[in-house]
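Undergrad: Below you'll find the structure I mean.
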Amino acid sequence: MTIREVSSFAAGQWILPCRGARNITSAISGDVIATAGNDNLSVQTMLDYARTVGGPALRALTFHDRAKMLKALALHLRDHRQAIYDLSFDTGATQSDHLIDVDGGIGTMLVFASKGRKEMPDAQVYLDGEIEHLSHNGTFIGHHICTPLQGVAIHINAFNFPVWGMLEKLAPTFLAGVPAIVKPATNSCYVTELCVKIMLASEIIPTGALQLVSGGLGDMLDHLTCQDAVAFTGSADTALKLRSNSSILGNSVRFTSEADSLNASILGPDALPGTPEFDLFVKEVHREMTTKAGQKCTAIRRIIAPEPAIDAVIEAISTRLSKTIIGDPRLDITQMGALVSSDQKRDVLEKASLIGTEAERVFGDPENFNIVGADAERGAFVPPMLYHCAKPDTATHVHGTEAFGPVSTIMGYSDTAHAIKLVNKGQGSLVASVITHDPKIACEIAIGAAAFHGRLYFNNRESMKESTGHGSPLPHLTHGGPGRAGGGEELGGVRGVKHYMQRTSIQASPDILTAIGKKWVPGSKEFQNPSHPFTRTFAELNIGETLNTPPRKITLNDIAHFAEFTGDTFYAHMDDEAARRNPFFPGRVAHGYLLLSFAAGMFVEPNEGPVLANTGLNGLRFMKPVSAGDSIKVRLTVAKKTRRTDKYGEVCWHVTLTNQDDEIVAEYELLTMNSY
Ligand code: NDP
């Protein structure tokens, strides 16, 4: 059998392992299948290459360009995923595990690609939040902007998800415009290496944006600056060691960590045997114990159930576990594969023994279990093991020792307050799930336990068909947890992208803010064009281009007609005396929607032209009532332009309605699609 030499990709070159590189064994056979590591890598050259080649190339692109790049990369990986599946079996993972790792990683990239297009601008500066009004006359205002860090992101990943672990960090990093150096865990780095090779061969990523270290990182962390960031996933011990690095501390290098956690699942007091929730609970616990052979940072380590239901829960989980086929992950019938290595097996058994000092093992015997198609002596197989802890209030290991394998402990609770106390004893977890059909219980647990958990997952008969599973972090939502879970946060849509950008508050005049943010700010310069803006194409329109309409008088007849036509006969538009009793109105007033409709009629250019469709309206506020006899006029200004396709783009118009005294009556943003 040829032994795979797992290379690093440093400063544009593939570098083979050197003499003395680490051996990597197959989780199934125990045979050496690969070597990785090269002490001669020049870490400073790699950092410089990322900072001077990859960073500028990424920063030259807009968020939309980067989002398109992510989509292309994800689709390219999808086309080549079979090769990654084939290689991944040796990590002990089954085909269903590959779907989580490989397809899950690709899916995460696609979500970031989509969010980048929809929620971020087609520009290099991201505007964070709304304008802050800092002065009486509006000549000095504030806004927050985010721009990419000008250094490099170091991603140190765990062994359990060699693909997802890399892609879930790369997607927000690239979208932010920051190059990355990926350091996978050595045990499964051959899978990551293949994935990196596929990505680089596609030539979709700019030169210098992605480098790979297979094996040790050397002293790379000693050379980091304030423009760099480290994202770590792995054990709490390593996290502590790395975050204590003097360069990281001295230069305030961003360090985010996602470490082991004692995640729990609570069976609600209402979810007793015979309910759909009870069956759902058993199914979720079984899935979390056996997927990836329990080597998931989010796996359920503690099962918290009502005391009277404990025996029934143990029996139901044990019955399901007893039907789980363990063996060679390449076989179709295998449901649970092996741990990643014999070292990991030793570690899991040691930790399980520690838990066994406080809890009785009620299912699974590591000395006696069936394995199909593989050798128990050579492969890193362990059976699922279920423990029962009778005294969870005084026990410590069951709440503090993570056996990173198919090991869980069940414990009973007396009432909801007790369940909350137990779930919080993990001292910070990535996720806790609650299986209940009772919203009051869900609310009580959310208030009592959310502060100790990065994610709370509620599931019941209503949501179970479409729910995504206790163990799945989603790209849309944050992943990470307080305390022993590492105190970090990843993913969460645009929130995750901001981890790789600097937020800067800008205080300036409206004109300066418009220039920086590429979005027109009220108070900054307006200019007129002889032709109506609706006759001008997306490309021809300029930010700040404004149309001011002549005034239109509002009559009582208009109000009565609108009320009758639309059916909106709310008393404030119909009954002068009743309206006067309302503290908001001077008497009978025009409908807000009447004003909007008139505004559209006042600014529209009716002939066929480049405006294709009105696609929405943001931030509508009615600020002053309009009575019969008042008149309104409209100011329509091009605020922002966003390319959507090669044929059309979105124009965001700032619209202000004012009355005869120039007081603002209503304000909003109108969105249209305009052809090029
Ligand atoms: P480690 O913390 O040992 O390793 C995690 C990553 O850190 C690996 O890439 C590892 O590389 C790297 N690393 C270790 N030491 C250094 C160092 N001095 N400088 C730079 N990088 C370093 O975790 P393992 O992957 O070995 O798993 C051990 C335990 O961690 C598990 O049993 C489990 O409890 C927990 N874990 C938690 C996970 C989570 O997602 N929360 C995921 C996986 C594990 P290398 O492999 O080359 O040593």
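Undergrad: Scan Lys640, Lys647, Lys633 and give me the residue that is at pLDDT below 95, open to solvent by 40 Å² or more (accessible area, probe 1.4 Å) and not β-branched (Val, Ile, Thr).
TA: Lys647
Undergrad: Taking the options Asn459, Asn542, name whichever one is open to solvent by less than 60 Å² (accessible area, probe 1.4 Å) and either modelled with pLDDT of 95 or more or farther than 17 Å from Gly129 by Cβ (or both). Can you show your working first?
TA: Details: Asn542 fails: open to solvent by less than 60 Å² (accessible area, probe 1.4 Å).
None of the other options fit; the residue is Asn459.
Undergrad: Answer yes or no as to whether Ile33 is open to solvent by less than 50 Å² (accessible area, probe 1.4 Å), in contact (Cβ under 8 Å) with a residue 40 or more places away in the chain, out of contact with any Ser or Thr (no Cβ under 9 Å at 6 or more places or on another chain) and not small (Gly, Ala, Ser).
TA: no
Undergrad: Hand me the list of strands (runs of 3 or more DSSP E) wholly inside the range 229-302 holding 2 or more residues that are within 16 Å of the ligand (Cβ to nearest atom) and buried (at least 20 other Cβ atoms within 10 Å of the Cβ).
TA: Those strands (runs of 3 or more DSSP E) span 229-233, 254-258.
Undergrad: Can Gly151 be described as in contact (Cβ under 8 Å) with a residue 24 or more places away in the chain, in a loop (DSSP other than H, G, I, E, B) and within 11 Å of the ligand (Cβ to nearest atom)?
TA: On the way: in contact (Cβ under 8 Å) with a residue 24 or more places away in the chain: yes; in a loop (DSSP other than H, G, I, E, B): yes; within 11 Å of the ligand (Cβ to nearest atom): no.
Judged against the criteria, Gly151 is not a match.
Undergrad: Filter the range 113-148 down to the residues that are open to solvent by 70 Å² or more (accessible area, probe 1.4 Å) and free of Cβ contacts under 8 Å to residues at least 60 places away in the same chain, then identify the one that is nearest to Phe538 (Cα to Cα).
TA: Of everything passing the filter in the range 113-148, Lys118 is nearest to Phe538 (Cα to Cα).
Undergrad: Another question, then. Quick check: is even one residue across the range 481-492 within 16 Å of the ligand (Cβ to nearest atom), part of a helix (DSSP H, G or I) and not aliphatic (A, V, I, L, M)? Can you show your working first?
TA: Going through the range 481-492, the residues within 16 Å of the ligand (Cβ to nearest atom) turn out to be 481-491.
Okay, now just the ones that are also part of a helix (DSSP H, G or I), so 483-485.
Applying the additional criterion that residues be not aliphatic (A, V, I, L, M) yields 483-484.
Yes, the range 481-492 contains a residue that is within 16 Å of the ligand (Cβ to nearest atom), part of a helix (DSSP H, G or I) and not aliphatic (A, V, I, L, M).
Undergrad: Identify the single condition in (1) away from the ligand (no atom under 13 Å from the Cβ); (2) touching a helix residue (DSSP H, G or I) at 6+ places or on another chain (Cβ under 8 Å) that Gly142 does not satisfy, given that it satisfies every other one.
TA: (2)
Undergrad: Still on this model: Given (1) of a type outside the set (Phe, Trp, Tyr); (2) under 30 Å from Glu119 (Cβ atoms); (3) part of a helix (DSSP H, G or I), where does Met602 come up short, assuming only one miss?
TA: In the conditions (1) of a type outside the set (Phe, Trp, Tyr); (2) under 30 Å from Glu119 (Cβ atoms); (3) part of a helix (DSSP H, G or I), Met602 misses (2) alone.
Undergrad: Here's a follow-up. Given the conditions (1) within 22 Å of Asp86 (Cβ to Cβ); (2) surrounded by fewer than 18 Cβ atoms within 10 Å (Cβ to Cβ), report the number of the one that Pro329 does not fulfil.
TA: Condition (2) is where Pro329 drops out.
Undergrad: Can you pull out the residues in the range 370-389 that are over 17 Å from Ser342 (Cα atoms) and open to solvent by less than 50 Å² (accessible area, probe 1.4 Å)?
TA: Val372, Met385, Leu386, Tyr387, His388, Cys389
Undergrad: While we're here: Could you list, in sequence order, the residues of the range 402-421 that are in contact (Cβ under 8 Å) with a residue 40 or more places away in the chain and out of contact with any helix residue (DSSP H, G or I) (no Cβ under 8 Å at 6 or more places or on another chain)?
TA: Within the range 402-421, just Asp415 meets the criteria.
The values are calculated or read from the model by the stated rules, or taken from the named source; none is laboratory data. Worth saying up front: this structure is predicted, and the values here are computed from it rather than measured. Methodologically, a virtual Cβ is constructed for each residue, glycine included, from the backbone with ideal geometry; neighbour enumeration extends over all protein chains shown. These accessible areas exclude ligands, DNA and RNA; they are computed on the full protein's heavy atoms, side chains included. Shrake-Rupley method; radii C 1.70, N 1.55, O 1.52, S 1.80 Å.
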